[in-house]
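Below is one structure, written out as structure tokens; comments come after it.
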Amino acid sequence: MIFRKDDIIVNTISRILIPFIQLYALYVIMHGHYSPGGGFQGGVILGASMVLLLLTRGYDEAKYKFPEQIATLFSSVGVLIYAGIGLLCLFVLGNFLDYGKLAALLNVTPSHARSLGILGVEIGVGFAVMSVMYSIFLDISTGGVLPEDEEE
Amino acid sequence: MILPFDLIIQIFVVICAVAAITVKDLLSAVMILGAYSFFMCLMWAQMGAVDVAFTEASVSAGIGTILCIAAIMKTTRRTKD
Amino acid sequence: MMEQAPVLVVVIPLMCALLSPLVGWIKKEYCYPWAMLTLAASTVCAVITLNTVIHNGVIHYYLGSWLPPWGIEYVVDHLNAMMLVLISGTALLVAVYSKKSVEQELPDKVVYFYTVFLLQVTGFLGIVITGDVFNLYVFLEIASLAGYALIAIGEEGAPLASFRYVVLGTVGACFYLLAIGYLYVVTGSLNMADLAKLLPALYGSKVILVAFAFFLVGIALKMALFPLHIWLPDAYTKAPSTASALLAPLMTKVAIYVMLRIMFTVFQPSFSIEILPVTKILLWVGIIAIFSGAIMALAQVDFKRMLCYIIVAEVGYMVGGVGVANAVAIKGTILHILNDVVMTVGLFTVAGIITYKMKHHNLTDFKAMFKKMPFTMAAFVIVALSIIGVPPLCGFFSKWYLIQGAAMAGNWVFVVALLFSSLVNIILFFRIFEVGYEFHSSADAHGHGHEEAVVIEEAPLSMLIPTMMIALFIILIGLYNQPILINIIQFAVPKL
Amino acid sequence: MLEFIVSKYNFWIYIILMMIGFYAMIAKRNLVKKIIGMNIFQTAIILFFISTAYKTGGATLPILLDPHGHGHGAAESAVAVSQYINPLPHVLMLTAIVVMVATLGVALAIVIMIYRKYGTLNEDEIIKAMK
Amino acid sequence: MRFISFIVTVLTGALLIYGTVDMPNWGDPNSPASKHVSPRYITKTEIETATPNMVTSVLADYRGYDTLGETTVIFTAGMSCILLLRRRKKKKAR
Amino acid sequence: MEVTLLIQAADESFRLLEKARGQAVDLLNTAVKLTSDTRSVEERKLQTFLSSGQDAKSGFQNFIATFVMLFAFWALLSGKFDLFHLSLGFICTFVISYLSHDLLFANVRVGDIRVIIQRFIIYMPWLMYQIITANVHVAYLALSPKMPIDPQVMRFKTKLESDISWVTLANSITLTPGTITMDIHEGEFVVHALSQKVADDLDTGEMEDRVAHVFMEADHIYIQDVLDVARIFGEMRRAA
């Protein structure tokens, strides 16, 4: 399923659409405060754009942009951002995930610090969800044997 | 009070659910499941749960269907029930 | 940092599970010490928490500093704290034990195995510590997903067993979620303490009744109570030995913990005892589970499968103990949770050692084992005697309290069931001992006349030490059961 | 009676869907069909939760219409509870949807493992092949 | 088998319908679900978290720990899929 | 006599010039074709080696162009222009353009982009008009009791060169009711048409010419226009 097919229409359209989809996904992540959306939805859209890239350009090209090792790394890093923000609150003598205590570090009001904490958390969720969706799709569509391994 | 719009969507949801489990081709079943998810998401948007509807549209109707199709491509479309 | 210990118990395994793939990239061999280190740290935190609870009473920890019912809170009382120490300690022992077994059974999946292993422990700890019904669901799903994966990588036939577990486990989790929904509709709260405050006024409502029924069915699916146990034997027999040593003792006991929590904390004890005949049903289900588990165990030729049916019977003990519903029986139940975790983990580690040495786990593989592996078999004998219920070992005491409680309530059938199960256990284990002493094998047929030379090939130390430790714990818990009862379990028993 | 049925009509829909999904999960022999049933089952429960969040009488989406009341003490107290839909079930269901897709992924991975070994997705045939 | 599953399904449905009888009506603004916990989220979200979207503020702040669990669920799923399926072929030693 | 001679000489020279023109056109066409062939080969190569194929300069130009477009898209979506959100937008857009600048403008000559957008905007109303007329036609087909449809599959070789123009043409054909592009295989379009009329409309090649104009690929046509000496000599003859 992840080998490049020379369907010119699908290829070109997806080539043009992918940057916009990705930007839209980032918009959804960043504007979760004001409109529907947030880290999870944006992450899924971002992951879907990566899957689109994989489906249209094939794994040989997609691996230049998003190799599977990076996907595994990012899925760790995403949750680490989340849990790390939570742990950071422990070091400023708050409870776990108490973003209000970060106000002293960020030099803003507590409510604003909570808002920023939410933003950071959403970014972490977005990272994790994107890379996990991509890696699950890669595993399921190849059955776990990546094309580069098969050549041996 | 039941709005006609609601009623239509609900009927479609039930039809899609029944069709998804009765149809004898897995690829069709998965595509119908995608349609089911989409109707479900319309229903939730109608109820004011825009966030959930958004998530459902991107997850179930999007990634979920893609994953199912990938798995079916990797396995088989045939089914006896 | 002392007051942060409750959250660190969960967050340390979580963070380290996230870092585990990165550690594995540096060098594959680092994952094993990493997991060990993590679980040791988590155990230390759990012990600190238990100590605090014993000295200062119940701990409330507000995540994000939001007061309940708006935020999520951790409530650590004596039962929680005991479960925390139990889970993290067991996981530590299993992690120490896992090295050789994982290297042999899953040589190219070591890194991700330990990641999922740590996530599994995180899930269990999260279920046990939380004071919020929905948070419990989330961690239940973490534990379940990790469990599905750990089972599915086992030997031949494991994927199908795991798939059945996926289907039934999802049904269970969804029933649990539905029950939360029903409670939420009529109370508007998700916090356990808050629910306990709001619910008594609504006990007449049909919604509450249905919610309670769905709670019980969902949790029964997870704990493999008798008619719903069909997924368990296949799953735990075919899982890799490390995974079954982690899952088999903990998954069912965590589910029983959740049942206790729901029945006696979220709902008043009087609800399930007086208003609904739930405890009577549970008592009879427990009795049937004990009988069927014991009888099915007799019919097995596979050692691990036999152990699985013993688990089904043991679940029957605990559910029946809840069903008897007096203070003594529930004291016995909670003590039995503790004992059963230790005993089951002992049995499965022995099964793992047999699998490691013989590549199978049939009863016939025990042939001449007493000579080949004297230390392992000594530990095995201690565990087996404890399961049977021989006095100085821990299994005796919990059974004693259960029988005492049942006798006080006049439930003689339950007493008979417990005694019957002990009898069956005697048969089961002495059959294995008999096989283990059989030195005269086919050598006689050839007329050689001399005994077959049996070389001592003891299990590797990394497997042997945890097994011996478990045997030691069984003796220690048996000897010091009074301090445990007085300091911890006495406070965990609900006021009936 | 009719009023009773009409006033809770969303609940009936969810019960029907849940029964369909549940039946597919336990009665169908094809593994992917079971997964589809699982999906329907979980979606039905989500529908139930969303239904509990709804408020009639002009309640709107759970997003504050005028977010510039920042800093004015009087402005916030004007936020009427009945004006907005209850956000809590939505949050819970976001989590449930995530759990749903995670379960789906793991289940499909297991299905692929099974197919790789036995070459079929029918449970009866797999059991026959195992013996 | 099919018949038994049908019976079980119908029993479950009947139990659910039985429970629905006592429920508050659909969309009742005065149901306990709308009165007990959620008003604080609606009225205080702007003051306490400076986030107009209540779903986001509840998701990531009031009940942020659930969301950490949710993200961990996703992570678990990803790791499980890799654990179950990925079979790296050994590269030849060069 | 002189006049006749003059005319003959003029005719002679005209013929010569005509010949020369023909040769020149052939030569130029071949040259254009060659360059376009090499270019398409080059572009295939670029497409395959996305990150390494393009030189740094055009890569940077692509990056800037992508950045501007995406940032405009962000501003359109966001609608919040305080410093915080703009800087967020800047970072996001920067990341995406860094990741995907080779996708959006992979096969487009960078200098032409403004003209292309201009012409594309002009092309849109015409397409709209086509769609509306075709809609009316298809509605007539569907509503008339006899259903005078004549479904057919037609193939034609296009003179367009780049991917983007092929896709625009294909999508324009598909957008117009009654015709659907089924496949494009090495420059050959396979189109399903509902009736003879829509097939004829497509066969006139007007849409193709317009798309070629939009993407500045009418090179052949322009050269012929410039070198069209026949008209000049015709004038001369008439004057004589």
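Things worth noting here:
- Value of D in µm² per second that Stokes-Einstein yields for region F:111-226, Kirkwood Rh from Cα pairs, at 25 °C (0.890 mPa s): 163
- For region C:277-496, the calculated P(r) over all alpha carbon pairs, in 10 Å bins from 0 to the bin holding the longest distance, is 8, 32, 31, 18, 7, 2, 0 percent.
- Taking a straight Cα-Cα cut-off under 27 Å and skipping sequence neighbours fewer than 8 places away in the same chain, the lysines within cross-link reach of F:Lys80 are E:Lys44.
- On the principal axes of its alpha carbon atoms, region B:24-76 extends 39, 19, 6 Å, with the longest extent given first.
- Measuring how big region D:2-131 is from its alpha-carbon positions, Rg and Dmax come out at 21.9, 75 Å.
- Once you reduce region B:14-81 and region C:85-125 to the center of their Cα atoms, the two points are 36 Å from each other.
- Label-to-label distance for D:Ser7 and F:Ile7 is 10.5 nm, based on points extended 7 Å past Cα in the beta-carbon direction.
- Extension gain, C:Tyr437 back to C:Val390 (0.36 nm per residue minus Cα-Cα distance, nm): 14.8 nm
- Enclosed volume per residue, in Å³, of the convex hull spanned by Cα atoms of chain A: 121
- Residue list for region C:345-373, given a label point 7 angstrom along the Cα-to-Cβ vector of C:Ile456 and an amide N cut-off under 13 Å: C:370-373
- Shown is the FRET efficiency for F:Met128 and E:Phe3, computed with R0 = 60 Å from the Cβ-Cβ distance and rounded to the nearest 0.05: 0.50.
- 222 nm mean residue ellipticity, helices alone, for chain A (DSSP H n ≥ 4; -39,500 (n - 2.57); rounded to 500): -25000 deg cm²/dmol
- Kirkwood Rh, angstrom, chain E [1 / mean 1/r, Cα pairs]: 18.8
- What the phi angles of region D:20-35 give under the Karplus curve with 6.51, -1.76 and 1.60, with θ = phi - 60°, is a coupling list of 4, x, 5, 4, 4, 5, 9, 9, 6, 9, 7, 5, 5, 4, 4, 5 Hz, glycine and proline written as x.
- Cross-link partners of C:Lys206 among lysines, defined as those whose alpha carbon lies under 29 angstrom from its own and excluding same-chain residues fewer than eight positions apart: C:Lys197, C:Lys222, C:Lys280, C:Lys495, D:Lys8, D:Lys55, E:Lys35.
- Distance between region F:128-185 and region A:48-112 - C-alpha centres, whole angstrom: 47
- GNM on chain D, alpha-carbon springs under 10 angstrom: the most fluctuating residue among D:Thr52, D:Thr43, D:Thr95 is D:Thr95.
- Scalar couplings 3J(HN,Hα) for region C:489-496, obtained by applying the Karplus form with A = 6.51, B = -1.76, C = 1.60 to θ = phi - 60°, are 5, 4, 7, 7, 6, x, 6, 8 Hz; x denotes Gly and Pro.
- With the simple model of a label 7 Å out from the Cα in the direction of the Cβ, C:Leu419 to B:Met73 spans 6.6 nm.
- Label-to-label distance, nm, for residues given as D:Arg116 and F:Ile117 (7 Å Cα→Cβ offset): 4.9
- The helix-based estimate of mean residue ellipticity at 222 nm for chain E, built from -39,500 (n - 2.57) per DSSP H run of four or more residues and divided by its residue count, is -20000 deg cm²/dmol to the nearest 500.
- For region B:64-69, 3J(HN,Hα) per residue [Karplus equation, 6.51 cos²θ - 1.76 cosθ + 1.60, θ = phi - 60°, Hz, x = Gly/Pro]: x, 4, 4, 4, 4, 5
- Within the straight-line cut-off of under 24 Å between alpha carbons, the lysines reachable from D:Lys128 are B:Lys24, B:Lys74, B:Lys80, C:Lys238, C:Lys304, D:Lys28, D:Lys33, D:Lys34, D:Lys117, sequence neighbours fewer than 8 places apart in one chain being disregarded.
- Nearest-ten-degree value, helix B:26-46 long axis tilted from longest Cα axis of chain B: 10
- With a Förster radius of 25 Å applied to the beta-carbon distance between C:Phe430 and C:Leu476, the computed FRET efficiency rounds to 0.50.
- Residue-averaged 222 nm ellipticity for chain C, from DSSP H runs of 4+ at -39500 (n - 2.57), nearest 500: -24500 deg cm²/dmol
- Helix A:68-91 axis, angle to chain A major axis (alpha carbon atoms, nearest 10°): 0
- Computed from the C-beta positions of C:Leu298 and C:Phe375, the FRET efficiency with R₀ = 30 Å rounds to 0.60.
- Under 5 Å, built H, 5+ apart or other chain: amide partners of A:Gly144: none
- Mean projected area in nm² (Cα convex hull; one quarter of hull surface) for the protein assembly as shown: 60.0
- P(r) for region C:298-423, from all Cα pairs and a bin width of 10 Å, is 13, 42, 29, 13, 3 %, short bins first.
- Reduced Cα scattering model of chain C, Debye log10 I(q)/I(0), q = 0.06, 0.11 Å⁻¹: -0.26, -0.88
- Here region E:37-85 has an Rg and Dmax of 15.3, 48 Å, counting Cα atoms alone.
No lab work stands behind these numbers, since they all come straight from the coordinates. Only a predicted model underlies this, so the values are computations on that prediction, with no experimental measurement involved. Note that each Cβ is placed from the backbone with ideal geometry, even for glycine, and that neighbours are counted across all protein chains shown.
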